[in-house]
Amino acid sequence: MTNVKMVRNVLDKNDRLADDIREMTATSNTVLFNMMGTPGAGKTSLLEALIPELKKDYQIGVIEGDVATANDADRIAALDVAAAQINTDRFGGSCHLGSEMVKPALEELDYQDLDMVIIENIGNLICPAHFDIGANYNIAVLSITEGADKPVKYPLMFRESQLAIINKIDLLQHLNIDIDEMLTGIKDINSKIDILQMSAMNQNDGVELHKWIADKMD
Ligand code: MG
């Protein structure tokens, strides 16, 4: 009973701060994207492909979440956009970002001056989807190599997202994986979700993702 109450208190506090974040970013007209997915799905590589084009039209900031290291923030900062790193080893090695971590990172980035902030959540297909961090849009990323049944096994992230990216699609020809099973699984969980099949390594594929994001900025 005590545990249940404790968990509820943590979630209440998180959700209150998520509301603060929504209010702050609505006032400054900053759109927040929360990119979630497994470790190695290609989230940082997608951002590296996307940002050089996006930054032609928008002031961008990126918040990188990892348990340890600033490797990903360093990769993003090399693209000459504002980047902040959150390491959750300071928060007990948490497997997700929470609003109490995201709020100070937004302030560090001077979010008021930015059109959009993309948050790369901790690599994990489960935990991040349980925590509201005040984002306007959630994006779920997985790679085709992970197997066709992953969405139906871990449905919440797909239920909570407006876009699902199936990355590394160029590897499909080498795999014994039924892409239709994966697509049907995602749509069964969330019939409204948009789905992009792409490879972060293929520049042409990035055009569709750019369009999806730009559409949300109108
Ligand atoms: Mg990463």
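Using only DSSP helix segments of four residues or longer, with each worth -39500 (n - 2.57), what per-residue ellipticity at 222 nm results for the chain after dividing by its residue count and rounding to 500? Write out the running numbers ahead of the final one.
Values: 8 runs with 88 residues, N = 218.
About -12000 deg cm²/dmol.
So, with a 1.4 angstrom probe, what is the percent of accessible area on the chain that is carbon and sulfur?
For the chain, the apolar C and S fraction of the accessible surface comes to 48 percent.
So what is the relative contact order for the chain, in percent, with contacts set as C-alpha pairs under 8 Å and at least six apart?
The value is 24 percent.
Once the Cβ-Cβ distance between Lys13 and Val207 is put in as r, and R0 is 41 Å, what FRET efficiency do you end up with, to the nearest 0.05?
Working: r = 41 Å, r/R0 = 0.99.
Efficiency, rounded to the nearest 0.05: 0.50.
May I ask for the distance between the Cα centers of segment 113-182 and segment 5-83, given as a whole number of Å?
Measuring centre to centre over Cα atoms gives 15 Å.
Taking the highest mean first, how do the peptides 115-121, 74-80 order by number of other beta carbon atoms within 10 angstrom per residue?
Numbers: 115-121: 25.4, 74-80: 15.0.
Order by mean packing, descending: 115-121, 74-80.
Considering lysine pairs in segment 12-217 that are 8 or more places apart or on different chains, how many have Cα atoms under 18 Å apart?
For segment 12-217, qualifying lysine pairs total 14.
The values are calculated or read from the model by the stated rules, or taken from the named source; none is laboratory data. Here the structure is a predicted model, which is why all the values come from computation and not from measurement. With ideal geometry, Cβ positions are generated from the backbone for all residues, glycine too; neighbour counts draw on all protein chains shown. Heavy atoms of the whole protein, side chains included, go into the accessibility calculation; ligands, DNA and RNA do not. Shrake-Rupley method; radii C 1.70, N 1.55, O 1.52, S 1.80 Å.
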